[in-house]
1. Before anything else, pin down the relative contact order of the stretch 275-324: Cα pairs under 8 Å, at least 6 apart, normalised by residue count, whole percent.
2. Going by the alpha-carbon gyration tensor, a ≥ b ≥ c the square roots of its eigenvalues, is the stretch 67-132 rounded (a/c under 1.5) or, if a/c is not under 1.5, prolate (a/b greater than b/c) versus oblate?
3. Straight-line reach from Lys266: which aspartates and glutamates fall under 17 Å, measuring Cα to Cα and dropping same-chain residues less than 8 apart?
4. Number of Lys pairs in the stretch 71-196 with C-alpha atoms less than 24 angstrom apart, excluding same-chain neighbours closer than eight positions?
5. Using alpha-carbon pairs under 8 Å, 6+ residues apart, how would you state the relative contact order of the stretch 119-162 in percent?
6. Treat each spin label as a single point 7 Å out from the Cα along the C-beta direction, and report the Glu181 to Gln83 distance in nm.
7. Would you kindly derive the ³J(HN,Hα) couplings of the stretch 196-208 from the backbone phi angles with the Karplus curve 6.51 cos²θ - 1.76 cosθ + 1.60 (θ = phi - 60°), listing them in order in whole Hz, with x for Gly and Pro?
Amino acid sequence: MGQLWAVNSMGGYMYSLNLSRELRMQVQPMTKFRQFCDIQDASQQGKKKGDIFTWNVYSDVSQQGTTLLETSTMPKTNFTITQGTMTIVERGNSVDYTGKLDNLSEHPVKEIIRKVLKNDARKSFDIAAHKQFNQCALRVVPTSGTSTTALYVTTDGTATGTNNIALGKEHVKLIVDLMKERDIPPYEGDDYMSLSHPSTYRTFKNDLEAIHQYISEGFQLIKLGEMGRFESTRFVEQTLIPKGGAANSTTFNQDTRTADPWDNAKSSWAFFFGEDTVAEGIAIPEEMRGKLPGDYGRDMGVAWYELGNFAIVHTTSNPTQARILKWDSAV
């Protein structure tokens, strides 16, 4: 139906008597996943190149180099190449409005529509990026569900066992050790990254109060939503994706999203990752588009549009190369 002057909730309230000129928007969640996607891939895709975007993954050499005897010949080896793919898709949303609303409204209609559509686009990208993070192969659950000294690891993208304890500093140490011993490259410098809800980190943060805090020289390195560093890992909080990941639905809406936390409510998911997580291929970057006025200028609209997609780089088909690990539970 779009925005109309004749319906108060659709536009009429935009010129109520004694209307405040302050623009107040509905609360918006903190979106974080997209910033950890590899957007360097964007420049390679471009328009007029089809809807399939591919990238190469190069293995190590099949035979390790070693010492040579003076009379021996130089050994020969090789490496393999595998390809990852994604299909480029269209994304967008629009709001129509009438010329009468635009002409009579006290508030700037186009500015408000652009702002709400910008929020919508930002959330759409984070939902799509999270869906790919959630395809990761490595899942960890504390041994016996409550251990603080051992983890049970699966490599097929499915957690085994019920996680029955809140994430704590001992778990973080175990996860970081696991990532290092799997030779997962750090995300930035020598640091891994972790991403989850504020309440999932609460027990962990209580354990770390007043230690391992950033000094002033480190603030320029902080990512959007980052709240601290511990054990070579930087922790980022997000509030868009609900507990349990219900936002994977194509009908996801900020106001109607439903969390699906673990049955025991002790914790929820947390991602830990190094470099090379999710690729973002972009043919047309997100942009605002104005609708060509119809009905002699009485039918107007604004839309956001993007041509691209997200795809996890290292899939469950080759878990030895996995870069993302999920603190998880079977229920």
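Please treat every number below as a calculation from the coordinates, not as lab data. This is a predicted model, so every value here is computed, not measured. Positions of Cβ are backbone-derived with ideal geometry, glycine not excepted, and every protein chain shown enters the neighbour counts.
1. Values: 71 pairs, mean separation 21.8, N = 50.
So the answer I get is 44 percent.
2. Working: a/c = 6.45, a/b = 4.96, b/c = 1.30.
Since a/c reaches 1.5 and a/b is larger than b/c, the shape of the stretch 67-132 is classed as prolate.
3. Glu170, Asp207, Asp328
4. Lysine pair count for the stretch 71-196: 9.
5. Working: 44 pairs, mean separation 14.8, N = 44.
RCO, the stretch 119-162: 34 percent.
6. 3.7
7. Coupling constants for the stretch 196-208: 6, 7, x, 6, 5, 7, 4, 4, 4, 5, 4, 5, 10 Hz.
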